[in-house]
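Asker: One structure, pasted below without further comment.
The values are calculated or read from the model by the stated rules, or taken from the named source; none is laboratory data. All values reported here derive from a predicted model rather than from experimental measurement. Here the Cβ positions follow ideal geometry from the backbone for every residue, glycine too, while neighbour counts run over all protein chains shown.
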Ligand SMILES: C[S@@+](CC[C@H](N)C(=O)[O-])C[C@H]1O[C@@H](n2cnc3c(N)ncnc32)[C@H](O)[C@@H]1O
């Protein structure tokens, strides 16, 4: 297998050289403020659009994420839902984890957290939501048994640094599960998928937010996101063990899974 850290393959090099033409995306120090501005704009209708654009399938993939995160754990778990947005994974984790578990949702976009907080009240949930940056987690080391990230890692300026932070806050043998858009194997499937995203997503953005660039951000950000295989390599580089992945819907969605080492090793 190709080492994803070696940079883009010849096939992908033209992608890396392409200028980014989306006002919410840049690969410089403006990445985070642009992402925050975009999700601030999307927050109010974010949940509805997810159901429409995935035909409700995101709910199944999110259940899979939580199931994988908690698999094999009998007792209470301390769960961090990173880039929690409006809280889907947090609420699913709370419902699935055994009594005595705790769920913390962290995100850096206040309007997304505002929706999560309203849902928390309606659902009488005990999940705790807070503002924070995935690149500087406001937690001591080793305090979580599981970390979930739904459609978040692709938006973070430095995915490897974020994975190192996840490893830092995980207890020994704690597990991280990352759900995001994937990349199908095969050129034809990949090209069809990209064409689909580049046609349908701007329509979604235009219809729901009056701005095609909001959802065109998805295929744009996917171009340089390493997806299933690349995230697996990054997980290993971050010191996580047993890095593996599962694909859904012909590889268009990916679930990356790994554990913190059993004994604490220096970061
Ligand atoms: C596509 S939403 C996903 C929300 C939710 N996890 C879900 O699956 O529906 C991505 C979220 O990541 C958050 N995010 C992006 N970069 C972040 C960072 N560096 N630190 C914290 N949150 C971040 C955004 O604010 C946004 O709410």
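Asker: Considering only the range 153-164, I want to know if a residue exists there that is surrounded by fewer than 23 Cβ atoms within 10 Å (Cβ to Cβ), under 10 Å from residue 240 (Cα atoms) and more than 11 Å from the chain's Cα centre (by Cα).
Answerer: Looking through the range 153-164, at least one residue is surrounded by fewer than 23 Cβ atoms within 10 Å (Cβ to Cβ), under 10 Å from residue 240 (Cα atoms) and more than 11 Å from the chain's Cα centre (by Cα).
Asker: In the range 123-142, which residue that is over 20 Å from residue 164 (Cβ atoms) and either assigned to a loop (DSSP other than H, G, I, E, B) or out of contact with any helix residue (DSSP H, G or I) (no Cβ under 9 Å at 6 or more places or on another chain) (or both) is nearest to the ligand (Cβ to nearest atom)?
Answerer: Across the range 123-142, the extreme among qualifying residues is 127.
Asker: Follow-up question, since we're still on this one. Just wondering, is there one or more residues in the range 169-188 that are farther than 19 Å from residue 66 by Cβ, touching a strand residue (DSSP E or B) at 6+ places or on another chain (Cβ under 7 Å) and modelled with pLDDT of 95 or more?
Answerer: No, the range 169-188 has no match at all.
Asker: Okay, moving on. Go through the range 149-164 and count every residue that is in contact with a strand residue (DSSP E or B) (Cβ under 7 Å, 6 or more places away or on another chain) and more than 6 Å from the ligand (Cβ to nearest atom).
Answerer: Residues that pass the stated criteria total 3.
Asker: Residue by residue through the range 50-75, note down the ones that are assigned to a loop (DSSP other than H, G, I, E, B) and closer than 16 Å to residue 248 by Cα.
Answerer: If the condition is that a residue be assigned to a loop (DSSP other than H, G, I, E, B) and closer than 16 Å to residue 248 by Cα, then 55, 56 are the ones that fit.
Asker: Also, quick follow-up: Could you check the range 96-122 and list, in sequence order, the residues that are away from the ligand (no atom under 11 Å from the Cβ), touching a helix residue (DSSP H, G or I) at 6+ places or on another chain (Cβ under 6 Å) and in a helix (DSSP H, G or I)?
Answerer: Answer for the range 96-122, where residues must be away from the ligand (no atom under 11 Å from the Cβ), touching a helix residue (DSSP H, G or I) at 6+ places or on another chain (Cβ under 6 Å) and in a helix (DSSP H, G or I): just 96.
Asker: In the range 76-90, which residues are in a loop (DSSP other than H, G, I, E, B) and within 7 Å of the ligand (Cβ to nearest atom)?
Answerer: Residues satisfying the conditions are 83, 84, 85, 86.
Asker: So, one more: When you scan the range 183-191, do you find a residue that is over 24 Å from residue 46 (Cβ atoms), in a loop (DSSP other than H, G, I, E, B) and under 20 Å from the mean Cα position of the chain (by Cα), even just one?
Answerer: yes
Asker: All but one of (1) touching a strand residue (DSSP E or B) at 6+ places or on another chain (Cβ under 6 Å); (2) buried (at least 18 other Cβ atoms within 10 Å of the Cβ); (3) under 20 Å from residue 78 (Cα atoms) hold for residue 102; which doesn't?
Answerer: (2)
Asker: Another question, then. Which of (1) out of contact with any strand residue (DSSP E or B) (no Cβ under 9 Å at 6 or more places or on another chain); (2) away from the ligand (no atom under 12 Å from the Cβ); (3) under 19 Å from residue 170 (Cβ atoms) is the odd one out, the single condition residue 146 does not satisfy?
Answerer: The number of the failed condition is (1).
Asker: Take the conditions within 14 Å of residue 179 (Cβ to Cβ) and touching a residue at least 24 places away in the same chain (Cβ under 8 Å) and apply them to residue 258. Does it pass?
Answerer: yes
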